[in-house]
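The values are calculated or read from the model by the stated rules, or taken from the named source; none is laboratory data. In this text, all values refer to a predicted model and were calculated from it rather than measured experimentally. Accessible surface is based on the protein model in full, side chains and every heavy atom, while ligands, DNA and RNA are left aside. Shrake-Rupley method; radii C 1.70, N 1.55, O 1.52, S 1.80 Å.
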Amino acid sequence: EEEAALADSAVADLESLQSTFDRRSQEMLQEAAEAHGELRAEVEREKKESLKETQLAHDIQAQLDEKIAALKREEHAHAEEVTLARSAVADGQLLQVAMEDE
């Protein structure tokens, strides 16, 4: 009878341990699932932020490219004006020489 009581007690202890183990396993799985969800959400936020930053960088680069192109056009136009001015000066000098020769 004492052995039966000890056996029953041991079985009860094992069942209690199994119950505790099962409960704790469930808690750990739940915590892991929550942590996983939080990490996924953080990765998605960072991914969206990175995409925004990349788009902003592309927008800035496009603006800079437009400004560079405008400056090059302006430089080209100025160079043409300088060429025309030099040509006019040369024409004026030729005219002056021709008038002096007369």
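Miscellaneous remarks
- Those residues of region 1-17 which are of a type in the set (D, E, K, R) and open to solvent by 100 Å² or more (accessible area, probe 1.4 Å), in sequence order: E1, E2, E3, D8, E15
- Any hit, region 88-100, residues being at pLDDT below 95, open to solvent by 60 Å² or more (accessible area, probe 1.4 Å), polar (S, T, N, Q) and more than 38 Å from the chain's Cα centre (by Cα): yes
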